[in-house]
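One structure is given here, and the rest of the page talks about it.
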Amino acid sequence: MRKSMCWCFSSVLTLTTHLVLFIGLNGVRALSLVALILVFSSTILVIVNNIKAVNAFDAHKNATDHASMIDCDYIEYAAHSQFIVKLSNLSCSGVALFLTSQLVLSGP
């Protein structure tokens, strides 16, 4: 009688250990999905801010007064105002969006 009672207690202990491990790993999975969603949304914000900065720079590019260029994020004749740098900024953000979406969708 005592042997069967010990076996039952051992199986319950193993069951609770597995349950705690299962809940803990699912908590880690949930936190990683929240982190990926935050990375995805911040990358979208970076893209929007870069496009706004490029548009503001292009709008004031031919202005005669330099007071309108004070609030621009891009400086005239700098490397940031060249087309290839603007394209690489957007393409890197696009790759980050793609990889983040793939990581979110790959979760079971």
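Please treat every number below as a calculation from the coordinates, not as lab data. Keep in mind it's a predicted model, so treat the numbers as computed, not measured. Cβ coordinates were reconstructed from backbone atoms using ideal geometry, including for glycine residues, and neighbour counts include every protein chain displayed.
Site pair V39 and L15 shows an inter-label distance of 3.9 nm when each label is modelled 7 Å from Cα along Cα→Cβ. If you plug the beta carbon distance of R29 and V95 into 1/(1 + (r/R0)^6) with R0 = 25 Å, you get a FRET efficiency near 0.55.
Using 0.36 nm per residue and subtracting the Cα-Cα separation, the extra length available between F83 and L105 on full extension is 4.6 nm.
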